[in-house]
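Undergrad: Can you keep this structure in mind? I'll have questions shortly.
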Amino acid sequence: MTDNPNKKTFWDKIHIDPTMLLILLALLVYSALVIWSASGQDIGMMERKIGQIAMGLVVMVVMAQIPPRVYEGWAPYLYIICIILLVAVDAFGAISKGAQRWLDLGIVRFQPSE
């Protein structure tokens, strides 16, 4: 008996490299432990970090389902949006700890440069 070479594995179907995912998960666990240790074992901070990690992994899986050609089509528009956001930081950015890097949208603050 031979395996069907055209049969897709689970990893092929979700378009994620398992080795890269394993390395990513190891780094995420390590970073969460470092944050937990540095926060004085604050369980609330750890719960938030685990939620952020889970949300990031979900976004990664969803984004992996979009074909690269779609991203190529979006690239010019995303570039323009990024430039507008960077200019908006200079014009409307919130100052925090002596630096004007944040955009405050009311419910969320973020750094467009990152």
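Every read-out reported here was derived from the displayed coordinates using simple, explicitly stated rules and does not represent laboratory data. Note that this is a predicted model, so its numbers are computed, not measured. Glycine gets a Cβ as well: all are built from the backbone with ideal geometry, and neighbour counts include every protein chain shown.
Undergrad: Would you confirm whether or not segment 20-30 contains a residue that is in a helix (DSSP H, G or I) and either over 18 Å from the mean Cα position of the chain (by Cα) or under 22 Å from ARG109 (Cβ atoms) (or both)?
TA: No; the residues of segment 20-30 include none that is in a helix (DSSP H, G or I) and either over 18 Å from the mean Cα position of the chain (by Cα) or under 22 Å from ARG109 (Cβ atoms) (or both).
Undergrad: Return the pairs, sorted by first residue and then second, in which the second residue is of a type in the set (Gly, Ala, Ser) and not in a strand (DSSP E or B), the first residue lies in segment 92-114 and is within 15 Å of ILE81 (Cβ to Cβ), the beta carbons are less than 7 Å apart, and the residues are 6+ apart or on different chains.
TA: LEU103/ALA88; LEU103/GLY93
Undergrad: Does GLN100 count as polar (S, T, N, Q) and not in a helix (DSSP H, G or I)?
TA: yes
Undergrad: Just the residues that are part of a helix (DSSP H, G or I) and loosely packed, with under 10 Cβ neighbours inside 10 Å, please, taken from segment 38-57.
TA: The answer is ILE43, GLY44.
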